[in-house]
Amino acid sequence: MWGQRRLSYLKNCLKVLYYYLFTSCKLNFHLADIKDHAQVLFLRLVEEYAEKEGIMKMKQLKEENQMEWVCRMSNLENRAAEIVKAELIYPFEGR
């Protein structure tokens, strides 16, 4: 997912970098590196947010109201994904 988004961004917005990486046979390494960094950052952010907001300690909420717990976790994951996109996938958008 992260690698494909980065590839699309390179092709559409950073064409010079894309062609450099492609012609120097570094594109796959770049995409794999971005994918790995993005996944690590995403998981770390989700864990930090869950701990900060006490969601992981809400076993009672998870047992009594699973939908509420799922909504909170989904919100957390969406926020983390937005940060990953802004920092690693589309770093020059909107600047």
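Straight-line reach from K15: which aspartates and glutamates fall under 20 Å, measuring Cα to Cα and dropping same-chain residues less than 8 apart?
D33, E87, E93
For the chain, which whole-number percentage of the solvent-accessible area (1.4 Å probe, protein heavy atoms only) is attributable to carbon and sulfur atoms?
The C+S portion of the solvent-accessible surface of the chain is 55 percent.
Enter the angle in degrees (range 0 to 90, nearest 10) between the Cα long axis of helix 2-13 and the first principal axis of the Cα atoms of the chain, meaning the one along which they spread out most.
Long axis of 2-13 versus the principal axis of the chain: about 40 degrees.
With contacts defined as alpha carbon pairs under 8 Å and 6 or more residues apart, what's the relative contact order of the chain in percent?
Once normalised by length, the contact order is 34 percent.
Under the 0.36 nm per residue contour assumption, what length would be gained going from the current alpha-carbon distance of M67 and V16 to full extension?
Net length gain for the segment: 13.8 nm.
Once fully extended, how much extra length lies between E48 and R79, figured as 0.36 nm per residue of separation less the alpha-carbon to alpha-carbon distance?
10.0 nm
In degrees, nearest 10, range 0 to 90: what is the angle between the Cα axis of helix 66-84 and the longest Cα principal axis of the chain?
30 degrees
Given a 1.4 Å probe, how much area per residue of the chain is accessible, in Å²?
73 Å²
Report the gain in length on full extension from E87 to F29: 0.36 nm times residue separation, minus Cα-Cα distance, nm rounded to one decimal. List each step's numbers first, then the result.
On the way: separation 58, 0.36 × 58 = 20.88 nm, distance 1.85 nm.
That works out to 19.0 nm of additional length.
Using only Cα atoms, tell me the angle between helix 27-53 and the longest principal axis of the chain; keep it within 0 to 90° and round to the nearest 10.
Compared with the principal axis, the helix lies near 20 degrees.
Roughly how large, in nm² to one decimal, is the mean projection of the convex hull of the alpha-carbon atoms in the chain?
So the mean shadow area of the Cα hull is 7.0 nm².
The values are calculated or read from the model by the stated rules, or taken from the named source; none is laboratory data. Values in this document were obtained by computation on a predicted structure and should not be read as measured data. Accessible surface is based on the protein model in full, side chains and every heavy atom, while ligands, DNA and RNA are left aside. Shrake-Rupley method; radii C 1.70, N 1.55, O 1.52, S 1.80 Å.
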